[in-house]
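Presented below is the structure to which this report refers.
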Amino acid sequence: MSSIAQICSVEGCGKKLYAKEYCTSHYKKLRLANLPPRSFCKIEGCDRRYSANGYCSMHLKRVKLYNDPYHERRRNGICEIEECDRKAEARGLCGLHSRRLKKYGDPLYVPEKVIKLCSVEGCENQHKSKGYCIKHRYRVKKYGDPSVARRREIHGMTKSLEYQTWWSMYGRCLNKNSPKYEKYGARGIKICQRWLNSFNDFLADMGAKPTGNERYSIDRIDNDGNYSCGKCEQCVENGWPMNCRWATDMEQSHNKGVSKKNTSEVSGVHFSSASKAWIARIGVGWERIYLGIFRDKDDAIKARKEAEIKYWGKT
């Protein structure tokens with residue numbers, strides 16, 4: 001026996017029965033009709049359910065966005081803010097007004113523009129990046145110090161060996177991005193103002209780089225000292241002597257600093273864990289001469305110093 005489908009009891013409605021002899025649509029209207037008046041939107045002619053502040057969800061949204069429950073959205077894809085012809089992206093607003101609504105709660109709010117100045121004392125230029133104006137940001141990026149101001153020089157030696165030496169000295173002492181900065185600038189090695197500001201002065205004091213079979217490079221006589229000329233105002237004030245010379249690779253090797261791993265604090269002397277003793281050695285030419293094994297560190301250091309006098313002529 002086949003079952004007969006029941007339909008809504010409202011005359012003229014042929015929809016399927018849902019509950020209490022009504023279809024879904026008429027049953028919903030019946031429920032709404034039995035609700036108290038305050039359960040509906042207070043806008044006249046709106047039969048939507050109450051949501052908050054006496055408005056349905058639609059009129060409540062209009063009040064929040066436009067402070068007007070009767071505001072009608074423009075359906076042509078243009079921002080709903082008057083006099084704004086930008087394309088609508090979200091909530092009927094363009095990107096600008098949508099961001100203002102999300103950030104400040106009001107699409108018409110225009111924040112005051114605060115002009116931030118460069119952090120360098122005495123500079124009134126507008127801030128550009130990382131606390132600096134364009135000029136000082138460029139100096140920090142290129143030289144590692146916003147106070148470094150190079151004056152333009154005409155010397156025609158940009159591709160010379162002397163200029164490359166001077167420029168490399170700049171990098172390892174001032175540029176924090178240089179791979180050699182840790183061994184120079186980070187250690188406090190500085191360049192005196194005379195050489196810092198002028199390649200011509202550097203060349204006049206150092207002279208041309210020697211040429212020949214040997215390869216030469218700039219060498220600091222005191223390995224812990226600065227790149228100093230010994231005669232500029234800064235050098236005289238701080239007591240910095242002339243501390244640089246052109247030296248061969250062999251001479252450079254005689255003037256190396258001490259490794260952090262060296263517990264003797266003297267180059268050429270190290271402790272051997274295998275023999276439980278101190279070993280001293282020295283390089284002569286490209287040969288390595290062992291000076292002996294010592295139980296006492298002071299004896300090993302003494303042997304090394306005597307060898308430097310004998311083989312290198314140190315005083």
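Since every read-out is calculated from the coordinates, none of them should be taken as a lab result. Just so you know, these numbers come straight off a predicted model, no measurement behind them. Here Cβ is always computed from backbone atoms with ideal geometry, including for glycine, and neighbour counts include all displayed protein chains.
Less than 19 Å apart at the alpha-carbon level, and either on another chain or at least 8 residues along: which lysines does that give for residue 64?
Within the straight-line limit of under 19 Å, residue 64 reaches these lysines: 42, 102, 103.
Explain nothing, just the number: dipole magnitude of region 11-138 about its Cα centre with +1 on each Lys and Arg Cβ and -1 on each Asp and Glu Cβ, in debye rounded to the nearest 20.
Values: 29 positive and 15 negative charges, 131 e Å.
With Lys and Arg at +1 and Asp and Glu at -1, about 640 debye.
Looking at region 233-315, which chymotrypsin sites (Phe, Trp or Tyr not before Pro) are in a loop (DSSP not H, G, I, E or B) and have at most 13 other Cβ atoms within 10 Å?
Filter output for region 233-315: 286.
Among 168, 226, 216, which residue has its Cα positioned farthest towards the positive end of the charge dipole of the chain, with +1 placed on the Cβ of Lys and Arg, -1 on the Cβ of Asp and Glu, and the dipole taken about the Cα centre?
168
Once amide H atoms are placed 1.01 Å from N in the peptide plane, what residues at a sequence separation of 5 or more from residue 231, or on another chain, have their amide H within under 5 Å of its amide H?
Placed amide hydrogens put nothing under 5 Å from residue 231.
For region 269-312, with only Lys/Arg (+1) and Asp/Glu (-1) charged at the beta-carbon, what is the dipole magnitude about the Cα centre, in debye rounded to 20? Display every interim value, and only then the final one.
Numbers: 9 positive and 6 negative charges, 18 e Å.
Value, rounded to 20: 80 debye.
Holding the Cα-Cα limit at 24 Å, pick out from 260/305; 190/302; 183/261; 231/302; 142/260 the pairs that are longer than that.
190/302; 231/302; 142/260
In debye, nearest 20, what is the charge dipole magnitude of the chain about its Cα centre with +1 on Lys and Arg Cβ and -1 on Asp and Glu Cβ, if you could check?
1480
So which GluC sites (Glu not before Pro) in region 77-167 pass both tests, a DSSP loop state and at most 10 other Cβ atoms within 10 Å of the Cβ?
82, 83, 112, 121, 124
Give a residue-ordered list of calculated ³J(HN,Hα) values for region 172-177 (Karplus: 6.51 cos²θ - 1.76 cosθ + 1.60, θ = phi - 60°; whole Hz; x for Gly, Pro).
Per-residue couplings from phi come out as 6, 9, 10, 8, 5, 8 Hz.
Around residue 215, with a cut-off of 15 angstrom between Cβ atoms, what is the net charge of the other residues, counting Lys and Arg +1 and Asp and Glu -1?
-3
How large is ³J(HN,Hα) for each residue in region 127-140, as worked out from phi by the Karplus curve 6.51 cos²θ - 1.76 cosθ + 1.60 (θ = phi - 60°), to whole Hz, x for Gly and Pro?
Once rounded to whole Hz, the list reads 4, 10, 7, 6, x, 10, 6, 4, 5, 6, 5, 5, 5, 5.
Dipole of the chain (Lys/Arg Cβ +1, Asp/Glu Cβ -1, origin at the Cα centre): which of 244, 81, 146 lies farthest to the positive side?
In the chain, that residue is 81.
If each residue's Cβ is checked for other Cβ atoms within 10 Å, how do 132, 163, 70 rank with the fewest at the top?
70, 163, 132
In the chain, with Lys and Arg counted as +1 and Asp and Glu as -1 at Cβ, which of these residues, 185, 108, 290, has the Cα nearest the positive end of the dipole, that is, farthest along it?
108
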